[in-house]
Amino acid sequence: MPQPPIKPRATLTEQATKLLPSALLPELLGCIDTDKRLVVLDMGHAMASTVRFFGEYRCQLNFIDLTAEQFVATPDEDLSHRQRVVLMRQALTLAPSVKLDICLFWDVFSYLSDAYIKALIEALEPHIGPATGALIINPRDSRCYLPFCRYGVADQDHFMQIDNTGTQPTVFARSQRDLNNLIDYFAIDRGRLIAEGRAEYLLLENRDSDKTDRSMI
């Protein structure tokens, strides 16, 4: 399969900005077919570095800052599962026929309860296919602190990390096993430790996974 073009490494331009080395981003990018138009969904802030990076591809780049949505910021736990799914679909605003090549969840799962993760996963299902890959940044385990940051793609080997402002929402820290059991048709393919008590996980579509409790890091 064709490999993505090599990009120049990003450099730091602001004091509050950090480059976060990634072992799994190159693997995710190495799986994409650069002969076709890519569809990317970024579930964080619209970072300029991400726009610049994917500007080198033939790409449809979609941003949805899910944690800024009112129904996520102030969740109503009395809603039914079906009502949550409808809210998630409305927030995603993806055309029915769109299939995603890359989904950048960043740390969004850490700010969603189990019920809202299940709703998000169901809302995304029509847009997930065998070629879809995804990345998550998560606390290394349920006891770890999660830095309050924005993330983007800096270059083929690094995330861009910027400290967030305001009050950090409630963090739902989960073990790898608990997270893996919530993401249904996705499965954690591999994981790597990164700085400040976090791990990055590569997700691949795998509907036959038995969700065995095995450590990826």
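Any read-out appearing in this document is the output of simple, stated calculations on the displayed coordinates, not a laboratory observation. Being a predicted model, the structure only gives us computed values, none of them experimental. When we count neighbours, we look across all protein chains shown, and the Cβ atoms used for this are built from the backbone with ideal geometry, even at glycine.
When DSSP beta bridges are restricted to pairs lying wholly in the chain, around 70% turn out antiparallel. Relative to its residue count, region 138-212 spans a Cα convex hull of 106 Å³ per residue. Restricting region 104-209 to trypsin sites (Lys or Arg not before Pro) that sit in a DSSP loop and have at most 11 other Cβ atoms within 10 Å of their own Cβ leaves ARG143, ARG207. Remark: the chain projects, on average over all directions, an area of 11.8 nm² (convex hull of Cα atoms). Between the beta carbons of ALA195 and HIS81, assuming R0 = 35 Å, the FRET efficiency works out to 0.45 to the nearest 0.05.
Of the GluC sites (Glu not before Pro) found in region 63-156, those that fall in a DSSP loop while having at most 13 other beta-carbon atoms within 10 Å are GLU77. Spin-label pair ASN181-VAL51: with each label point 7 Å from Cα along the Cα-Cβ axis, the two points sit 4.2 nm from one another.
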